[in-house]
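For reference, the structure discussed in these notes is given below.
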Amino acid sequence: MFFLDNQDLTNKKAIIRVDLNVPLDKNNNVTDTTRIEACIETVDKVIKLGGSCVLLSHLGRPKGKDDKLSLKHIVDTVSLILKRPVAFHKDCIGSEAELATSLLKPGQIMLMENVRFYEEETAGDTRFAQSLSKLGDIYINDAFGTCHREHSSTAVISKFFPGKKFAGKLLQKELEVISQIADEGKKPVLAILGGAKVSSKLKILYNLIHKVDRIIIGGGMAYTFIRAKGGTTGNSLFEEELIENAKEILTIAEESGKEIILPEDSLASTDFDNNDKIKTFKTSEIEEGWMGLDIGGESIEKFNKAIISSNTIFWNGPMGVFEKEQFALGTRSICNSLKQAKEKGVNVIVGGGDSIAALKKLGNKEWVTYISTGGGALLESLEGKILPGVKALSDDS
Ligand code: AMP
């Protein structure tokens, strides 16, 4: 894997695969610029090293050319955020596009049209990747959020740049963060996993149990583990077919001296939608007819102790149905404990769609050390997979 560091890019045209898949309102205004901001460092670095930038990205899931999903709508915002002029080209392949990029001077930036206007992109078509490769002299992948896809512009294109392909600054940072969680973080390393189902995080559990020192399991996921330990969980969410897996994970933890930390108590209701009745139960003794929808006070205290005595923390997934104020306290308390940990200098990493939504709703996110930009890509990395886009940068074929 090659990082940009101090490469000499004088007069080189760098094809940079970025992730500009930003949300647009009905007037085509960008409503969240986070992904554009994430490109600044790599673009600045390429320009500082003497090169020019050819930006490739997708936007949405078009079926063929679709004016609504044209990247032309965002070019002014990209320019504003990069604080540099940005030209737009109406295609991403072909002789006109090649001519346009060939004329770029050092320091100049051109954004090409949505790569997904061609169905070949998501099919990982080699000829399409070759056409894209003609737009520049070197290739930089900085689209961590799409690295788990074997698409033409994220993985296949790399083969046309032997010895001239690099990870951008964002991708580099994301890979560093993953290795802090799964390999070299300051111990004790704690993973906090929550959310609805064990099934969506089963592979992560199997991988992380070997890598981290402790795992807190909260949210709906916890009840399958409580049942695996012989508890009764009433009508709480639970996945019968995963009981054996939960038992196996608990055994691996026990045999390898790892801690799996489960909630002691739960706030429960008789109905998911109508929450007139709310009662606290011991999590392993929830009565029939009641479903656990948040962790209770004892669990909050127990989780807080684990959090403030850890030195690297990864959090993914809420502790309860945080969208409802009645069941938001558990997740809010996690945010507060993480804040305390961060104030002590602990590395706090947050990733995965819902934890970010929870952070936005419940906590001020300034205290997080790092928020991953990749949902699926982050989770697949934590499952222990090497992402196709990352692997393609390392293969020298
Ligand atoms: P996930 O997408 O798997 O991270 O799950 C996130 C969702 O899990 C959120 O919408 C929460 O409302 C939901 N959730 C968290 N705890 C529970 C619970 N105890 N029972 C049902 N749903 C839950």
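Rule-based calculations on the coordinates, nothing more; no lab input. These numbers were taken from a predicted model, which means no experiment stands behind them. Cβ sites come from the backbone with ideal geometry, for glycine too, and all protein chains shown count toward neighbours.
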From the square roots a ≥ b ≥ c of the eigenvalues of the alpha-carbon gyration tensor of region 13-167, which class results: rounded (a/c under 1.5), prolate (a/b over b/c), or oblate?
rounded
For the chain, give the magnitude of the charge dipole about the Cα centre (Cβ charges: +1 Lys/Arg, -1 Asp/Glu; no others), in debye to the nearest 20.
1160 debye
Could you give the dipole magnitude of region 1-119 about its Cα centre, charging the beta-carbon of Lys and Arg +1 and that of Asp and Glu -1, in debye to the nearest 20?
80 debye
Net dipole in debye of region 174-382 [+1 Lys, Arg Cβ; -1 Asp, Glu Cβ; about Cα centre; nearest 20]
640 debye
Projected onto the charge dipole of the chain (unit charges on the beta-carbon of Lys, Arg, Asp and Glu, signs +1, +1, -1, -1), the Cα from W367, N347, L104 with the largest positive-side position is that of L104
Inter-label distance, nm, simple model (7 Å from Cα along the C-beta direction), D273/K360:
2.6 nm
Please state the relative contact order of region 174-382 as a whole percent: Cα pairs under 8 Å, 6+ residues apart?
22 percent
Of C92, G124, I40, which is farthest towards the positive pole of region 13-167's charge dipole, taken about the Cα centre with +1 and -1 on the beta-carbons of Lys, Arg and Asp, Glu respectively?
I40
The answer for chymotrypsin sites (Phe, Trp or Tyr not before Pro) in region 209-292 that fall in a DSSP coil and have at most 16 neighbouring Cβ atoms within 10 Å is F272
Can you figure out the FRET efficiency of L103 with D67, using R₀ = 25 Å and their beta-carbon distance, to the nearest 0.05?
0.45
The chain: mean projected area of Cα convex hull, nm²:
20.5 nm²
Please name whichever of G136, T283, H148 sits farthest to the positive end of the charge dipole of the chain, dipole taken about the Cα centre and charges placed at Cβ: Lys and Arg +1, Asp and Glu -1.
G136
For T232, residues with placed amide H under 5 Å, excluding near neighbours:
E285, I286
If I model a spin label as a point 7 Å beyond the Cα along the Cα-Cβ vector, how far apart are those points for K48 and R127 in nm?
4.2 nm
Read phi for every residue in region 344-351 and hand back ³J(HN,Hα) as whole Hz from Karplus 6.51 cos²θ - 1.76 cosθ + 1.60, θ = phi - 60°, with x for Gly and Pro.
7, x, 6, 7, 10, 10, 10, x
Linear extension gain, D25 paired with K391, 0.36 nm per residue minus alpha-carbon span
128.2 nm
Region 103-170: Cα Rg divided by the 2.2 N^0.38 Å rule of thumb
1.09
Loop-located trypsin sites (Lys or Arg not before Pro) in region 182-267, at most 15 other Cβ atoms within 10 Å (DSSP):
K186, K229
Extension length gain for E244 and E96 (0.36 nm per residue less Cα distance), in nm, is 47.4 nm
antiparallel share of DSSP beta bridges within region 174-382, to nearest 5, in %, is 30 percent
At 7 Å along Cα-to-Cβ for each site, give me the label-to-label distance between D76 and I40 in nm.
2.1 nm
State the extension gain, in nm to one decimal, for the chain segment bounded by S200 and T251, taking 0.36 nm per residue of separation less the distance between their alpha-carbons.
16.3 nm
Rounded if a/c under 1.5, otherwise prolate or oblate - region 283-330, Cα gyration tensor axes:
prolate
